[in-house]
Amino acid sequence: MEKLNKFYQYKFILIYALRDLKRNYKKISSIIITLFISLFILSAIFTIEDSLKKELKENAKELLGGDLEIDYNRNQGNIDLLNKVEEFTIMSEMVEFSTMLSTTNRKKNKSLFTRIKTVDQKYPLYGEVTYEPAGAYERMQNEPYTILINESLSKTLNIKTNEIVKIQDQEFLVIGKVRSVPDVSGFVTFGDWVLTGKQTLDILKLNGIGNFLNYEYKVKFNNNDDPEIIIKKIESIFKDDQKVKIRYPENAASGLKRVIGNFSQFLSLVSISAMLIAGIGIANTLLSFINQNNLSIAVRKALGFYSGNIKKLYYLQLVILLFIITILAYLSSLLIVPLVDKYLSSSFGLKINLFFSFFNFFKIFLIGLLVLTIFSIPTINSIDQVKASSLFRNIFQNLQFYYSKKLIFMSIFMLSILILIFTYRSENLTYSLGYFGAFFICLIIFFLLSKLIIFSLKKFRFNSSTTLKVSIKNITQSKSITPITIMSLGLGVTLLLTLALVGTNFKREIAKSIPDIAPDYFFVGIQNGERGKFEQIILSMDSDANFEIVPMVSSGILRINGINPNTYITPENDSYWVIGSERRSSWTKEVPEDNLIIDGKWWDLSKPNQLQISLDAKVAKDFNIKLGDIFTLNIYGREVDGEIVNFRKVDYRDLNINFAMLFNPDFAKNIPHEYLATTKFYNLNKFDETKMLEIFPSLSMIKIADYLNKVTNVLNKVFIAVIVISTVTIVIGLIVISSAIMVQGKVREYQNLVFKILGFSRKEIIFSSLIEFMIIFISVIMIAIFFAVIGSKFIIENIFELSWKSNLEVLIYLGLSIGFVTLVLILLTNIKYLNPKVYPLIRNQ
Amino acid sequence: MSTLLKLKKINLKYQTGKDNISVLKDINLTTKKKETISIVGESGSGKTSLIMLIGGLERPTSGKIYFLDKEITKLSEDEVSKIRKKNIGIIFQSFYLIPNYTALENVTLILELNKFKNPEKEAKSLLDRFGLKHRLNNLPSQLSGGEQQRVAIARAIAMKPELILADEPTGNLDTENSDMISKILFRYVKEESSSLIMVTHDPKLANRASRKIKIKDGKIK
């Protein structure tokens, strides 16, 4: 072809690319479908994650409740210091606590351990409270004994507006419902809660430990003030007050951000796997498509087209296709934002808004482009194998994936960019890198498996039947597609099995009933002098009840080895909760049965006057604490130094009494304390909550079943997301398997045609395909199960922090199901190739 | 000579869109064992269609075909395959070798399919006879047109079939290769007392047959 000037050349290629695309789009429909599904999922995850993060960032002050928050935790704030701050800012006091709320005037009254938020007249400093009916909020602030309840509480206890309820032993009037509050960052907005005026604090009897009291002072700066100066001023006021934690808007909702980050990291890693698997499918489909166009490519070459221009023609078609599909996928993903918003606002009090982000669109397009290019490089470069001379000899070999050193380098470079996009700023870099590492290790192992199968089958001579020989020949022939079939099938099946195992483990956790040995109730806030009376009342209700009572004391960690504990850990760490809020600790003479000592020794009885601490081993690991380190604790305002003497393995999921810190009883017995009790009733019906509350008004009773229901609800919602993404991956996996068959389609059709001419029966042709499938699938499924077990165990235990259990039944059932579905799919896709009509094929050549 | 093949009132029609095309019209033909027949005619006259019907690769729209006194038109596809596998060898203009099988494997396959003893040894000796000893392990794409056709003929005659059907066996070959192929075919038919029905445009090849049939517009003239 005459060398054309560049502009003309590109115009020429563009016109041909558009024309070819218009004519061929039906032939590449599986590329369009897989690309759309995978880009849609990716777009949806990015869009929702971004919307949530944007919401959290833009409304950080509302979520925190001010420009700054002074958190005194269980203690009432230092009035002098707070007054100093109020001199140059606006301050609102908010106190949260948990206590029992009961219905009244019913045949059988019900009670619930409920979180109560008391607010003053200045609340909220930012944002607004939504409620009904009109005026209810103002009435709540002005009139004592009035409350607003949230929708969840209204449903749980079936409470209606204008009904009288009891909080502890005091009657309150429900004057309306609160829909949302702005400062959800430090407040559990899902579950059951109440909003009430500040005066309620004076009505109720509250104690720090049993009621999980929390004093927070929200601060709003004056408009004209420089925030940086004000912050420094406030910090200097509280610099000597060890009980205070100052929080800033950027720390607002850090827990929520972490949950969103973790979950979206999991989903985006699964979606990129789906995308990479889709990439294999795209490569297969494209190769099949180019094989179909073998003749037209040869003719174009004979007419004088450069091979490079023909390749550009195909690349351009893919880019045009990708651009259109990205727009459609991204716009479709925006449509699901209102659905998610509806769910989030009802569950978490968070609102997300639909917004178009060009950056997100570009990122999705770039990811699509990288995946498409990585997988189309070896396919489109196979065009070099087409020789115009084939036209003269009428020989058209089936094209194979083609790699040169330069192309391998390019692919690795693009793959690195892809990995960088997914790992950069991900919640946990190690997990992301580990995930990609595992993905490519799987890929390499499946490739090696294919080579091993080919090598072994070539080594052994089978003389039993022709059909078996044909099957083995198909697997072992030179330029066989066995490696690509095993890799795509292997990765697809591995991902399906992994997600299925994750799903079944989730389902098991959700369906898991309360363990038989687990207590029915936790009782918090039994005062020191009430222990005997408590035991007596419980036994009077059910003489066969089993209960365990342990002392409990508040013990915040002030310093570790003399320095701020925050220097030991970041808020993102799993164990931050140990210093993030007030810590409760206990003491015991013997090692608790279910808390094995991992390192160190139990109490040194020769040092009764020294505080010795037994620490949760995971906490010790996360904080990098060594035996002999010193914790400075705040126990009832007194600073006490304690030495870490041993580490215990604590499993908080066994629903028994567990503490991160245990003290030596010789030292701790003289500390003023309360009691915590767990009770397992022989006959639960004999226990009367209402009577218990009449006797112990400030006692907090947590029913384990209610608590587990709340956990189950959350898990159910996560499970739905896992199921949705699994289904999408299954669909993509099946399309990939079909595409792998399509690659062989033309060759198989031709081969089966010759077999038929030679006298093979249809049964023999089908049987040889089945044997081939069985050899490949059985070896793939073994390795896939192995990877799926490891992968799902890691995800369940490390990302979702749930317990994982292998399930042989599920694995066998799933393995057989996947095998059956794949086989049916292969037969359906292959049916026209299995029994070709000889005459039309021969006439059309 | 006893009858090998009998075609009675054979019609073949095709539906293409709304059009109904009549490819073969009321064909009656009887052939004897050891007979060599050439079928000639213009392109599109129905020569290849006739070969396909005789080989059991296609069913007629109406009429009956008897092969060795057995009516093959009422047999199932698998039963026809069984007859073809043992008794009919087919040679095409485009060779139809399996592209990813070597020359040896292409010939061995049919012998294995018929559970022949030492199929590989037999295939080797056959290819040796056709001057392809040095090409045993080459793929079809590595062979010349003449070599490919020799492999295809070796495959077709490997089972010593009663009948050989050849569709333009020299159509893709030069004069030298055409002569070689034609010699091989006729020598085999003579040596093994087989029958040959061959479609060809080559008058020289057509004249070597003991009987010449001309087809025009789907009818035997």
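Per DSSP helix of 4 or more residues, -39500 (n - 2.57); summed, then divided by the residues of chain A. What does that give at 222 nm, rounded to the nearest 500?
Dividing the helical sum by the residues of chain A leaves -18000 deg cm²/dmol.
Counting C-alpha atoms alone, how compact is the protein assembly as shown: give Rg to one decimal and Dmax as a whole number, in angstrom.
Cα radius of gyration and Dmax of the protein assembly as shown are 40.8, 128 Å respectively.
By per-residue mean of other Cβ atoms within 10 Å, what is the highest-first order of A:403-416, B:90-103, A:317-330?
B:90-103, A:317-330, A:403-416
Where both partners of a DSSP beta bridge lie in chain A, what percent of those bridges are antiparallel, to the nearest 5?
DSSP beta bridges in chain A are roughly 80 percent antiparallel.
Between helix A:429-459 and chain A, what is the angle of the helix's C-alpha long axis to the longest principal axis, kept within 0 to 90° and rounded to the nearest 10?
Approximately 40 degrees, to the nearest 10.
Tell me the label-point distance for the pair A:Arg531, B:Lys82, using the 7 Å Cα-to-Cβ offset, in nm and rounded to one decimal.
9.3
With angles folded into 0 to 90 degrees, how steeply does helix A:294-303 sit against the dominant principal axis of chain A? Use alpha carbons for both and round to 10.
The answer is roughly 60 degrees.
Mind checking the stretch A:194-240 for GluC sites (Glu not before Pro) that DSSP puts in a loop (not H, G, I, E or B) and that have at most 12 other Cβ atoms within 10 Å?
none
Using the Karplus equation 6.51 cos²θ - 1.76 cosθ + 1.60 (θ = phi - 60°), what ³J(HN,Hα) coupling, rounded to whole Hz, does each residue of the stretch A:279-292 give in order, writing x for Gly and Pro?
Computed from phi, the couplings for the stretch A:279-292 are x, 5, x, 4, 4, 4, 4, 5, 5, 4, 5, 5, 4, 5 Hz.
Label A:Asp240 and A:Lys686 with points 7 Å out from Cα along Cα→Cβ: what is the distance between them in nm?
About 5.8 nm separates the two model spin labels.
If you average the sequence gap of Cα pairs under 8 Å that are 6 or more apart and divide by the length of the stretch A:516-591, what percent do you get for the contact order?
Across the stretch A:516-591, relative contact order equals 31 percent.
If the only charges are +1 at each Lys and Arg Cβ and -1 at each Asp and Glu Cβ, what is the size of the charge dipole of the stretch A:534-603 around the Cα centre, to the nearest 20 debye?
Here the stretch A:534-603 has a charge dipole of around 540 debye.
Place +1 on the Cβ of every Lys and Arg and -1 on the Cβ of every Asp and Glu in chain A, take the dipole about the Cα centre, and give the residue among A:Ser180, A:Cys442, A:Leu684 whose Cα lies farthest towards its positive end.
A:Cys442
What is the sum of charges, Lys and Arg at +1 and Asp and Glu at -1, for the other residues whose Cβ falls under 13 Å from the Cβ of B:Val40?
Here the charged neighbours net out to +4.
Could you sort the peptides A:137-148, A:679-690, A:171-182 by per-residue average Cβ neighbour count (10 Å cutoff), highest mean leading?
Peptide ranking by packing, descending: A:171-182, A:137-148, A:679-690.
Along the charge dipole of the protein assembly as shown, which of B:Leu29, A:Leu39, A:Tyr10 sits closest to the positive end, that is, farthest toward it, with unit charges on the beta carbon of Lys, Arg, Asp and Glu (+1, +1, -1, -1)?
Working it through, the farthest residue towards the positive pole turns out to be B:Leu29.
Mind pulling the angle between the C-alpha long axis of helix A:762-794 and the longest principal axis of chain A? Nearest 10 degrees, somewhere in 0 to 90.
Approximately 30 degrees, to the nearest 10.
Taking the Cα centre of the protein assembly as shown as origin, sum charge times position over the Cβ atoms of Lys and Arg (+1) and Asp and Glu (-1), and report the length of that vector in debye to the nearest 20.
8740
Which log10 I(q)/I(0) values, to two decimals, does the stretch A:742-807 give at q = 0.17, 0.18, 0.21, 0.25 Å⁻¹ under the Debye formula with one point per Cα?
Reported log10 I(q)/I(0), two decimals: -0.71, -0.75, -0.88, -1.04.
Residue farthest toward the positive end of the dipole of the stretch A:753-821, with Cβ of Lys/Arg at +1 and Asp/Glu at -1: which of A:Val754, A:Met774, A:Phe820?
A:Val754
Would you mind listing how long the stretch B:122-192 runs along its three principal axes, going by Cα atoms, in whole Å with the largest first?
31, 28, 16
With θ taken as phi - 60° and the coefficients 6.51, -1.76 and 1.60, list the Karplus ³J(HN,Hα) couplings across the stretch A:622-627 in order, rounded to whole Hz; mark glycine and proline as x.
In residue order, the calculated couplings are 5, 8, 6, 8, 10, 4 Hz.
Provide the per-residue ³J(HN,Hα) series for the stretch A:600-612, in order, calculated from phi with Karplus coefficients 6.51, -1.76, 1.60 and θ = phi - 60°, each as a whole number of Hz, with x at glycine and proline positions.
x, 10, 5, 4, 8, 5, 7, 10, x, 8, 10, 6, 10
Specify the residue with the greatest mean-square fluctuation among B:Val40, B:Val151, B:Val80, computed from a Gaussian network of chain B linking alpha-carbon atoms under 10 Å apart.
Among B:Val40, B:Val151, B:Val80, the largest GNM mean-square fluctuation belongs to B:Val80.
Could you tell me the largest-minus-smallest coordinate of the C-alpha atoms of the stretch A:580-651 on each of the three principal axes, in descending order and whole angstroms?
Ordered largest first, the stretch A:580-651 gives principal extents of 32, 31, 20 Å.
Given the stretch A:509-650, what whole percent of its Cα pairs are spread farther than 24 Å?
44
Return the long-range amide H neighbours of A:Arg179 (sequence gap of 5 or more, or a different chain), with a cut-off of under 5 Å between placed amide H atoms.
A:Thr130, A:Tyr131, A:Glu132
For the peptides B:166-173, A:432-439, A:766-773, A:270-277, what is the packing order when you average, over each peptide's residues, the other Cβ atoms within 10 Å and list the highest mean first?
A:270-277, B:166-173, A:766-773, A:432-439
Averaged over peptide B:86-93, how many Cβ atoms belonging to another chain are found within 10 Å of each residue's Cβ?
What the average comes to for B:86-93 is 3.
Values in this text are rule-based calculations from the coordinates and carry no lab data. In this text, all values refer to a predicted model and were calculated from it rather than measured experimentally. Cβ sites come from the backbone with ideal geometry, for glycine too, and all protein chains shown count toward neighbours.
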